[in-house]
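Following this message is one structure expressed as structure tokens.
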Amino acid sequence: MKNLLMIPGPIEFNPEVLTEMGKQTLSHVSGEFIDIFAASLEMMKQVWQCPDGQAFIMAGSGTLAMDMAGANLVETNDGILVISTGYFGERYAELLARYGADCHIISARPGETVPAEIIEDELKKGKYKMLTFTHVDTSTAVRVDPEPLGQLGRKYGVLTVLDGVCSVAGEEIKQQEWGIDIVLTASQKAVGVPPGLALLVASQKAMDAFHKRKSPVMNYYADWTHWLPVMKAYEEHRPAYFGTPAVNLVSALNISLKQILSEGLEKRFIRHGLTASAIRSGLKTLGLKQIPSDNIAANTLSAPYYPEGVKAAEFIGEMKKAGVIVAGGLLPELRNKYFRIGHMGKITTEEAIAVIQALEAALDKLNYNFDKGSGVKVAKDVLESLS
Ligand code: PMP
């Protein structure tokens with residue numbers, strides 16, 4: 001039996017997406033591929049809900065998407081306010097400093113967010129060009145509400161950058177309406193395509209800031225000076241070249257974006273919300289505490305603590321024996337105290353139930369005392385409201 005891959009990315013992918021990956025590779029300057037690329041750029045703007053934005057598709061991972069925003073928008077001594085709700089926020093400050101940014105980081109305690117008033121007080125100082133935050137930090141499963149931060153960006157004339165690697169196409173994002181200047185992600189999570197694509201949509205305000213740079217971009221590969229003409233050419237169905245695109249991955253992206261839009265964004269977000277709530281309820285019923293409280297818990301992954309007496313390596317091994325692969329902890333200070341379950345993308349109700357079933361089997365093997373079947377029952381009850 002094949003194990004279910006339930007880590008927070010890469011995830012289980014749709015068979016149609018995987019089939020597309022295995023097809024004969026097209027020439028990257030062929031009319032057929034240019035049409036696929038153009039359609040993918042257009043569909044990204046729909047999924048990101050940013051009709052006037054500039055989409056970029058590049059070969060690379062989510063880290064490249066973060067790097068792209070940093071390299072193209074930051075100049076030496078620019079003040080950047082980084083809001084951190086976990087590992088990926090801390091890392092963004094480190095990345096931005098490479099481009100000479102003067103970073104000020106406000107870090108929330110694990111499982112918490114930084115209140116908007118604290119962010120506003122800092123922005124009032126008038127030192128900042130950019131505000132970055134992680135929509136869902138994959139190390140803590142904490143979800144930040146992007147809308148008020150977009151408003152603050154507008155109010156103080158600051159560019160806003162949302163790391164949506166663990167949220168785009170799984171959590172609601174209205175980039176344009178909310179005034180977020182950059183929304184970036186990677187292919188392997190809720191977008192539903194194997195790892196290898198860095199995806200980003202920039203607002204016109206962000207593109208203006210890029211055009212107004214006084215110094216050259218300090219990163220050769222990520223420089224929009226090279227890539228913007230390529231994206232523009234593809235949009236106009238013309239061939240262009242800077243670096244060879246990841247042809248098969250882009251073709252797979254085209255399939256996945258079509259599936260996402262045909263499901264409907266609203267329906268998709270509701271489905272993610274219900275799946276998350278079923279899994280969280282199952283965990284709670286089994287007595288497992290979670291890092292974030294319910295009101296700020298992500299819909300794309302969960303981060304439960306191990307119960308007393310259950311050891312990380314043994315538990316993950318037993319989960320695998322029960323057919324489900326989950327991820328260990330990532331936040332250095334809590335690494336061996338919790339694990340992570342990804343529940344995004346195509347995840348079905350059967351797969352969500354299978355996770356709780358495996359969890360019960362693993363906990364039972366490790367002699368944890370609980371009411372057998374209770375987690376599965378609660379999860380099923382929640383999911384029933386979906387059908
Ligand atoms: N940001 C967040 C929130 C992430 O979850 C990840 C990956 N787990 C990254 C950035 C980095 O993405 P990648 O591993 O694709 O480089």
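Output the number of residues of segment 280-299 satisfying the condition of being in contact (Cβ under 8 Å) with a residue 24 or more places away in the chain, assigned to a helix (DSSP H, G or I) and under 19 Å from the mean Cα position of the chain (by Cα).
The total comes to 1.
Further question: What pairs come up if the first residue lies in segment 20-42 and is in the same structural domain as Ser203 (by TED's automatic domain parsing) and more than 12 Å from His237 (Cβ to Cβ), the second is of a type in the set (Gly, Ala, Ser) and at pLDDT 95 or above, and their beta carbons are under 6 Å apart, counting only those six or more places apart or on different chains?
What qualifies is Glu20/Ser251; Glu20/Ala252; Met21/Ala252.
Could you list all residues from segment 94-112 that are within 13 Å of the ligand (Cβ to nearest atom) and either open to solvent by less than 10 Å² (accessible area, probe 1.4 Å) or not charged (D, E, K, R) (or both)? Show your work before the answer.
Restricting attention to segment 94-112, the residues satisfying the condition of being within 13 Å of the ligand (Cβ to nearest atom) are 94-95.
Result: Leu95, single match.
Within segment 359-376, track down each residue that is part of a helix (DSSP H, G or I) and touching a residue at least 60 places away in the same chain (Cβ under 8 Å). Break it down into steps so the answer makes sense when it comes.
Residues of segment 359-376 that are part of a helix (DSSP H, G or I), as a first pass: 359-365, 374-376.
Once the filter is applied, which keeps residues that are part of a helix (DSSP H, G or I) and touching a residue at least 60 places away in the same chain (Cβ under 8 Å), segment 359-376 yields Leu359, Glu360, Leu363, Ser374, Gly375, Val376.
Report yes if some residue within segment 171-179 is open to solvent by less than 10 Å² (accessible area, probe 1.4 Å) and within 16 Å of the ligand (Cβ to nearest atom); otherwise report no.
yes
Run Arg143 past the list (1) open to solvent by 10 Å² or more (accessible area, probe 1.4 Å); (2) within 17 Å of Ile57 (Cα to Cα); (3) within 16 Å of the ligand (Cβ to nearest atom) and report the number of the one that doesn't hold.
Single failed check for Arg143: (2).
I need the full set of residues from segment 202-226 which are among the charged types (D, E, K, R), open to solvent by 50 Å² or more (accessible area, probe 1.4 Å) and in a loop (DSSP other than H, G, I, E, B), in order please. Walk me through how you get there before you give the answer.
Step one: list which residues in segment 202-226 are among the charged types (D, E, K, R), which gives 205, 208, 212-214, 223.
When the remaining residues are screened for being open to solvent by 50 Å² or more (accessible area, probe 1.4 Å), the result is 205, 208, 212, 214.
If the condition is that a residue be among the charged types (D, E, K, R), open to solvent by 50 Å² or more (accessible area, probe 1.4 Å) and in a loop (DSSP other than H, G, I, E, B), then Lys212, Lys214 are the ones that fit.
Also, quick follow-up: Looking at segment 54-80 only, could you name the residues that are buried (at least 24 other Cβ atoms within 10 Å of the Cβ), more than 16 Å from the ligand (Cβ to nearest atom) and touching a residue at least 60 places away in the same chain (Cβ under 8 Å)?
Those that are buried (at least 24 other Cβ atoms within 10 Å of the Cβ), more than 16 Å from the ligand (Cβ to nearest atom) and touching a residue at least 60 places away in the same chain (Cβ under 8 Å): Asn72, Leu73.
Failed condition for Val165, given (1) within 11 Å of the ligand (Cβ to nearest atom); (2) open to solvent by less than 10 Å² (accessible area, probe 1.4 Å), with all others met?
Only one criterion is unmet by Val165, namely (2).
Still on this structure: Restricting the search to segment 340-366, which residues are among the hydrophobic types (A, V, I, L, M, F, W, C) and either under 23 Å from Glu16 (Cα atoms) or open to solvent by less than 30 Å² (accessible area, probe 1.4 Å) (or both)?
From segment 340-366, those among the hydrophobic types (A, V, I, L, M, F, W, C) are 341, 344, 347, 352-356, 358-359, 361-363, 366; that's our starting set.
Within segment 340-366, Ile341, Met344, Ile347, Ala352, Ile353, Ala354, Val355, Ile356, Ala358, Leu359, Ala362, Leu363 meet the criteria.
Do we find that Ala38 is modelled with pLDDT of 95 or more, among the hydrophobic types (A, V, I, L, M, F, W, C) and within 16 Å of the ligand (Cβ to nearest atom) in this structure?
Values: modelled with pLDDT of 95 or more: yes; among the hydrophobic types (A, V, I, L, M, F, W, C): yes; within 16 Å of the ligand (Cβ to nearest atom): no.
When the stated conditions are applied, Ala38 does not pass them.
Checking Leu199 against (1) closer than 27 Å to Leu274 by Cα; (2) open to solvent by 20 Å² or more (accessible area, probe 1.4 Å), which single condition isn't satisfied?
Against the list (1) closer than 27 Å to Leu274 by Cα; (2) open to solvent by 20 Å² or more (accessible area, probe 1.4 Å), Leu199 comes up short only on (2).
The values are calculated or read from the model by the stated rules, or taken from the named source; none is laboratory data. Keep in mind that what you see is a predicted model, and the values were worked out from it rather than measured. With ideal geometry, Cβ positions are generated from the backbone for all residues, glycine too; neighbour counts draw on all protein chains shown. Surface accessibility is based on the protein's heavy atoms, side chains included, excluding ligands, DNA and RNA. Shrake-Rupley method; radii C 1.70, N 1.55, O 1.52, S 1.80 Å.
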